[in-house]
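All remarks here apply to the structure that follows.
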Amino acid sequence: MTELKLLQCRLDGRYDVEECLGRGSYAEIYAACDRSAADEQFRKVVIKALNVLLQGYQDPELERTLIQNFQNEAVALDRVRHPNIISRLGHGTAIDLSGTAFHYIVLEYLGGGDLAMLCRQAPLKLDRALQYLQQICAGLAHAHECGVIHRDIKPQNLLLTSDHETVKIADFGVAKLEAADGAITRVGTNIYAAPEHNPLVETAALGTSSLSSHLQLTPSADIYSLAKTAYTLICGVAPRAFAHDPITDLPAPISFEPWASSIVRVLERATQTHPSDRFQRVQDFWDELNEAALPVTQPLIYGRPRQISSDLSLEADVLTTAAPPKPRFETSRELQQHGAAGNGALRPKIVVPIADRSVSPSTRHFAPAQPPGRVTVAVSRNALPGAPAGVRAMATKPRRRGRDFLVGVILMLCFAGLLLATGAYVRSLIRRQQTTTQTTTTSVIGQQAITTTDLNLRDGPSASNNQIGLAEVGSRVRVINVNSSNNWCEVQVLQHSRPKDEPTSADRGWVNKRFLKFD
């Protein structure tokens, strides 16, 4: 794993990187302070850095795809600017302290966590859940009007402000910019993703009729994920029992509420397997959900009734400010070519450590400068007596030159000896490491280990192989085979740390050994 060296550094002369908030497969998220922010609201920002080397290897084709997706995320965020969608504040390309070039986008900081975390702390009351859902529907409806389909709506991608009053849609990394363009690619999170783009669902599940014609991605895919998210907010648990299936009931004791059957009716329609059987507009879904949540009768003794508007549109002056300039991210090869050509293209900014303010440049000590045209000459006490000062100085020069030459020769010999000794040590270290590696490769077979992160089980010893299962963080596995050419090993999952998202997925596959902690 090659992580970026950015902590306690200044990026682009303005962003002081303070902490790492998390890492994904190919992105690192940092909190930073924008020293140049004119608005105090955006003083604290989030730096999302694309790191194509985070998995420990470089693939030019994969890098090009990741960069294209990263640029699409920035373009999507600029196209759908809305009070309930996270804002992009800037972008750039830089070089970290280790010399690694990377692209980044700057996002607004939301300090209230995500809705998944909030639901784990305590179940939401129905009115509170509906207030959040109205905001989510407003942002999502605006995105659809702008031609953007998110494709990964889930509680983890719905972020809250510090006061927990406003929710914003985040992570447009797999968003589709034009709904009618291109074939459907399989992305998203298994529990929440619609069947037409769910990575663990076969296309045949949509029915034979869909196979006879070209299936286009529509906003109903996001409405499917939105309904599964609504289930989580209302019930306090993820809809694992309805993965790949329509929602048909609510868990006890919520199922006994007077509004439960009406809510189920709306969620069931929104999560139908075939896209044409769902709601086609977010506004229609929200109208039905808001209406279903109203009680049949409202006692007058309980104060004023719940007032949640059904209108998702915004006035023109409520919309957010204009977007920053459009980014154009390049591959590492293109960056090198432009740098060598010197064609005036923008070069990556170099990240610098934040200076220690306890030492100012004025406190540094330097030797006093010599006046122009004047040279100080050291005069030997052994010079000829009675000779003028200039003659005595000249008499010391040959002797000093000889001494300097001798010192230089000695230093060169010492340096040559040091090089020879270093070379011998390195060669012996390599031989020892090769022997140790061969021993270690075979010795781990049969050992048990604990996964340190969620690991995709693949059908071969490479990240480019197909995913066939998942070993959750904290799962116990046994090594049954080792690939001698890289750091991958084949494991059998002995015990999952949490219930499997996909019960039929494989429990045996290849993983990167660096994410295993052996007993």
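Here, each number is a calculation from the coordinates, and none is a lab measurement. Predicted model only: the values in this text are computed from it and were never measured. Because the Cβ atoms are built from the backbone with ideal geometry, glycine has one as well, and the counts that use them run over all protein chains shown.
For the stretch 66-197, a crude dipole built from +1 on the beta carbon of Lys and Arg and -1 on the beta carbon of Asp and Glu, taken about the Cα centre, is about 240 debye to the nearest 20.
Listed from fewest to most Cβ neighbours within 10 Å, the set Ser225, Ser428 follows the order Ser428, Ser225. Taken along the Cα-to-beta-carbon direction at a fixed 7 Å, the label points for Gln447 and Arg478 span 1.6 nm.
Taking the number of Cβ atoms within 10 Å of each Cβ as an exposure proxy, the fewest-first ranking of Asp127, Asp114 is Asp127, Asp114. Here the stretch 5-73 and the stretch 93-133 have alpha carbon centers that stand 14 Å from each other. Note on Arg14 and Leu429: their simple-model spin labels are 4.3 nm apart, each label 7 Å out from Cα toward Cβ.
Taking other residues whose beta carbon is less than 11 angstrom from the beta carbon of Leu516, and scoring Lys, Arg as +1 and Asp, Glu as -1, yields +4.
Full extension of the segment from Ser313 to Glu145, taken as 0.36 nm per residue of separation minus the current Cα-Cα distance, would add 59.4 nm.
3J(HN,Hα) couplings calculated from phi for the stretch 451-459 with the Karplus curve 6.51 cos²θ - 1.76 cosθ + 1.60 (θ = phi - 60°) are, in sequence order, 6, 8, 7, 5, 10, 6, 7, 10, 8 Hz; Gly and Pro show x.
So, R0 is 35 Å and r is the distance between the beta-carbons of Glu268 and Ile29; what FRET efficiency does that work out to, to 0.05? The computed FRET efficiency comes out at 0.45. Taking 7 Å steps out from each Cα toward its Cβ at Tyr57 and Leu419 produces label points 3.6 nm apart. Electrostatic tally near His144: other residues with Cβ closer than 13 Å to its Cβ, Lys and Arg +1, Asp and Glu -1, net 0.
Step by step: find N for the stretch 448-518, compute 2.2 N^0.38 Å, then divide the Cα radius of gyration by it. What's the final number? Before the final figure, lay out the partial values.
Details: Rg = 10.7 Å, N = 71, 2.2 N^0.38 = 11.1 Å.
Its radius of gyration relative to the 2.2 N^0.38 Å reference: 0.97.
Taking 51 Å as R0, compute the FRET efficiency from the Cβ-Cβ separation of Val409 and Ser464 and round it to 0.05. For R0 = 51 Å, the calculated efficiency reads 0.35.
In this structure the amide hydrogen of Val482, modeled in the peptide plane, comes within under 5 Å of the amide hydrogens of Glu490, none closer than 5 places in sequence on its chain. When the listed pairs Lys349/Lys517; Lys5/Lys500; Lys125/Lys154; Lys5/Lys228; Lys125/Lys168 are checked against a 29 Å cut-off, the alpha-carbon distance exceeds it for Lys349/Lys517; Lys5/Lys500; Lys5/Lys228. For the stretch 504-519, putting each phi into the Karplus relation 6.51 cos²θ - 1.76 cosθ + 1.60 with θ = phi - 60° gives couplings of 8, 6, 6, 10, 9, x, 9, 9, 7, 5, 5, 9, 10, 10, 7, 5 Hz, in residue order, rounded to whole numbers and with x for Gly and Pro. By the count of other C-beta atoms within 10 Å, a proxy for reagent exposure, Leu420, Leu6, Leu455 are ordered fewest to most as Leu420, Leu455, Leu6.
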